[in-house]
Amino acid sequence: MSVLVVGASAAGLTTVEALRRKGYREPITVLGAEWHPPYDRPPLSKQFLCGDWDEARTRLRPDTMLSALDAEFVLGDSAVSLDADRKLVRTAAGRSLTADAVVIATGLTPRHLPGAGLAGVHVLRTLDDAAALRKDLVESDRLVVVGDGVLGAEVAATARKLGLAVTLAGPQATPLEAQLGPTVGGLLGELHRSQGVDLRLGAAVTGLTAVDGRVSGVQLADGDVLPADVVVVALGAAPATQWLEGSGLRLDNGVVCDAYCRAADGIYAAGDVARWQHDDSLVRLENRTNATEQAMCVAANILGDEQPYRPIPYFWTDQFAVKIQVHGRPSADAEVTVAEGNIGERFVAHYRRGGRVTAVLGWNMPKQTRLHREHLV
């Protein structure tokens with residue numbers, strides 16, 4: 001039996017490693033759209049963007065460990081179609097790759113604003129994106145970040161560390177409000193203001209202004225224009241499933257899978273692109289931890305374990321001197337209570353819905369937060 005993994009990031013690499021750990025010795029091919037060997041994405045908005053890490057440090061594994069996997073890595077070539085019945089993947093370079101099992105781990109495609117072709121306008125998804133943005137930031141004075149979620153807030157914090165004047169614009173009343181609710185979102189807003197970030201929240205962005213082909217500002221719905229030398233668009237991303245249209249797979253906000261991450265006979269999905277059956281609903285998670293945990297489940301199921309994927313979600317974000325860790329599934333309308341520590345300093349909070357703890361959040365209390373995770377098990 002052979003395996004083809006489409007996507008050479010964390011989920012794809014973890015699938016290969018998990019198969020080898022379980023004793024699988026048959027051929028494995030990994031198809032990656034980028035030329036870079038597998039690298040980690042969370043540092044791109046932080047350590048790499050500010051210059052503390054170089055490209056080599058973002059690598060998930062050194063060459064020696066990749067070679068030891070005895071897998072064929074086909075890099076710099078993207079998948080353009082899948083024949084699910086034949087398990088045949090065609091690529092942009094004209095390759096036709098087949099296998100007995102196919103794993104889809106193609107991740108996300110960032111959303112853009114009209115005018116994205118202007119000089120000075122960036123998205124941040126890939127290592128090349130981060131390198132181009134870093135070059136622009138060190139040569140500029142004013143940054144506007146469009147998007148008030150995790151990525152936007154992290155980029156704003158990093159740019160302030162580099163000394164830029166930073167404005168964070170977005171539709172929410174507070175940063176990350178849709179994910180973490182108004183209480184923690186309010187604390188994040190206070191944190192950013194205390195570090196000099198200008199928050200222009202609660203107003204929609206309608207477009208970009210330009211001078212001589214380079215971005216000059218961000219236009220808000222209320223008529224204001226935020227001056228900018230550089231703009232980062234961090235308005236989320238969509239599952240990278242365009243290449244799967246016509247494949248016969250069900251596509252609906254990701255590759256729809258059963259509880260075993262199986263999209264069709266012999267075809268699986270893992271990571272940001274996968275939307276799987278969890279209890280009575282479909283779930284898709286966009287975080288680093290899920291990419292690796294789901295990939296390990298996929299590897300087990302390829303080998304016949306029939307193991308349902310039932311994670312306790314986990315993600316983290318580092319902004320300025322604050323580390324936020326979240327276990328479970330918080331929601332903006334949940335009841336938030338402080339279980340340990342003091343809010344605004346160091347604390348652990350519980351999110352409750354219907355009297356049940358659905359998530360645990362830690363603010364600069366990593367050890368204690370892990371202990372409170374037991375409320376979710």
Practice item. Please go through the stretch 209-243 and pick out each residue that is surrounded by 13 or more Cβ atoms within 10 Å (Cβ to Cβ), of a type in the set (A, V, I, L, M, F, W, C) and touching a Ser or Thr at 6+ places or on another chain (Cβ under 8 Å). Key: Ala210, Val215, Val218, Leu220, Val225, Leu226, Ala228, Val230, Ala237, Ala238, Ala240, Trp243
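Somewhere in the stretch 330-349, is a residue closer than 24 Å to Asp280 by Cα and within 19 Å of the chain's Cα centre (by Cα)?
Filtering the stretch 330-349 down to residues closer than 24 Å to Asp280 by Cα leaves 330-335.
Pick out the ones that are also within 19 Å of the chain's Cα centre (by Cα) and you get 330-331.
Yes, the stretch 330-349 has at least one match.
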**Study point:** Failed condition for Val16, given (1) more than 17 Å from Asp100 (Cα to Cα); (2) part of a helix (DSSP H, G or I)
**Key:** (1)
Exercise for review: Report, by residue number, each residue of the stretch 96-110 that is touching a residue at least 12 places away in the same chain (Cβ under 8 Å) and loosely packed, with under 15 Cβ neighbours inside 10 Å.
Suggested key: Thr98, Asp100
Review point. So, in the stretch 148-169, of the ones that are closer than 18 Å to Ala321 by Cα and of a type in the set (Val, Ile, Thr), which residue ends up most open to solvent (accessible area, probe 1.4 Å)?
Key: Val150
Study note, to complete from the structure: Within the stretch 128-180, residues being under 20 Å from Glu55 (Cβ atoms) and of a type in the set (D, E, K, R) number 8
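Taking the stretch 111-130 as the search range and keeping residues that are within 21 Å of the chain's Cα centre (by Cα) and among the small types (Gly, Ala, Ser), which one is surrounded by the most Cβ atoms within 10 Å (Cβ to Cβ)?
Ala130
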Revision key, fill the gap. For the stretch 71-95, pairs from a residue that is closer than 25 Å to Arg25 by Cβ and loosely packed, with under 14 Cβ neighbours inside 10 Å to a residue that is of a type in the set (S, T, N, Q) and at pLDDT 95 or above, with Cβ under 9 Å and 6 or more apart or across chains, are Glu72/Thr29; Arg86/Thr98
Check your understanding: Do we find a residue being assigned to a helix (DSSP H, G or I), open to solvent by 30 Å² or more (accessible area, probe 1.4 Å), touching a residue at least 12 places away in the same chain (Cβ under 8 Å) and closer than 20 Å to Val322 by Cβ anywhere in the stretch 131-147?
Key -> no
Check your understanding: Got a sec? Which of Trp316, Trp276 is outside any helix (DSSP H, G or I) and open to solvent by less than 20 Å² (accessible area, probe 1.4 Å)?
Key -> Trp276
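So is His375 farther than 21 Å from Ala291 by Cβ and open to solvent by 70 Å² or more (accessible area, probe 1.4 Å) or not?
For His375, the condition - farther than 21 Å from Ala291 by Cβ and open to solvent by 70 Å² or more (accessible area, probe 1.4 Å) - is met.
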Practice item. Output the qualifying pairs, or none if there are none: Cβ atoms under 9 angstrom, residues six or more apart or on different chains, first residue in the stretch 358-369 and open to solvent by less than 50 Å² (accessible area, probe 1.4 Å), second residue among the hydroxyl-bearing types (Ser, Thr, Tyr) and at pLDDT below 95. Key: Thr358/Ser331; Ala359/Ser331
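Here's a check for you: in the stretch 27-66, which residue that is assigned to a helix (DSSP H, G or I) and open to solvent by 40 Å² or more (accessible area, probe 1.4 Å) is nearest to Arg125 (Cα to Cα)?
Among those residues, the one meeting the criterion is Glu55.
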Study note, to complete from the structure: If you go through Ser194, Ser140, the only one that is modelled with pLDDT of 95 or more and out of contact with any strand residue (DSSP E or B) (no Cβ under 9 Å at 6 or more places or on another chain) is Ser194
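The values are calculated or read from the model by the stated rules, or taken from the named source; none is laboratory data. Predicted, not measured: the structure shown is a model, and the values here were computed from it. Counting neighbours? That spans all protein chains shown, and the Cβs are built from the backbone with ideal geometry, glycine included. Surface accessibility is based on the protein's heavy atoms, side chains included, excluding ligands, DNA and RNA. Shrake-Rupley method; radii C 1.70, N 1.55, O 1.52, S 1.80 Å.
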